[in-house]
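Encoded as structure tokens, here's the structure I'll be asking about.
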């Protein structure tokens, strides 16, 4: 699987921003999000509930699973922890 683009979380924040000053940013963010892979979002939510993680950690694990990655380099989840075929590797552990 390949991706044509990724959406930074800042864009997600604009999508729910109620500030009148950011109306045009909100419109653009919502338009981008409408083309998001909701299956991946749903898997991220399931992971966060199942493994008691933040949504963001659940989402990156879902993305790693979708891409068939065997390792996920992050310092946000315990080193060595396994989620399906994905193993967490903390790159800053000495």
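So which residues in segment 73-94 are over 17 Å from residue 55 (Cβ atoms) and in a strand (DSSP E or B)?
Selection gives 73, 82, 87, 89.
Right, something else. Give the residue that is modelled with the lowest pLDDT, with candidates limited to residues of segment 1-22 that are assigned to a helix (DSSP H, G or I) and exposed (fewer than 12 other Cβ atoms within 10 Å of the Cβ).
My answer is 9.
Which condition from (1) over 12 Å from the mean Cα position of the chain (by Cα); (2) surrounded by 11 or more Cβ atoms within 10 Å (Cβ to Cβ) is the one that residue 93 breaks?
Exception for residue 93: condition (2).
Under 7 Å between Cβ atoms, at least 6 apart or on separate chains: pull out the pairs that start in segment 57-79 with a residue that is touching a residue at least 60 places away in the same chain (Cβ under 8 Å) and end on any residue that is in a helix (DSSP H, G or I) and surrounded by 12 or more Cβ atoms within 10 Å (Cβ to Cβ).
Correct list of pairs: 66/40.
Each row is one residue, and each column tells you yes or no for (1) out of contact with any helix residue (DSSP H, G or I) (no Cβ under 7 Å at 6 or more places or on another chain); (2) surrounded by 14 or more Cβ atoms within 10 Å (Cβ to Cβ); (3) on the phi < 0 side of the Ramachandran plot.
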residue: 33; (1), (2), (3): no, yes, yes
residue: 38; (1), (2), (3): yes, no, yes
residue: 50; (1), (2), (3): yes, no, yes
residue: 61; (1), (2), (3): no, yes, yes
residue: 65; (1), (2), (3): yes, yes, yes
residue: 72; (1), (2), (3): no, yes, yes
residue: 77; (1), (2), (3): no, yes, yes
residue: 83; (1), (2), (3): no, yes, yes
residue: 86; (1), (2), (3): no, yes, yes
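What number of residues within segment 29-55 satisfy the criterion of being under 21 Å from residue 10 (Cβ atoms), without any contact (Cβ under 8 Å) to a residue 24 or more places away in the chain and either touching a strand residue (DSSP E or B) at 6+ places or on another chain (Cβ under 6 Å) or in a helix (DSSP H, G or I) (or both)?
9
The values are calculated or read from the model by the stated rules, or taken from the named source; none is laboratory data. This structure is a prediction, so every number in the text was calculated from the model and none was measured. When we count neighbours, we look across all protein chains shown, and the Cβ atoms used for this are built from the backbone with ideal geometry, even at glycine.
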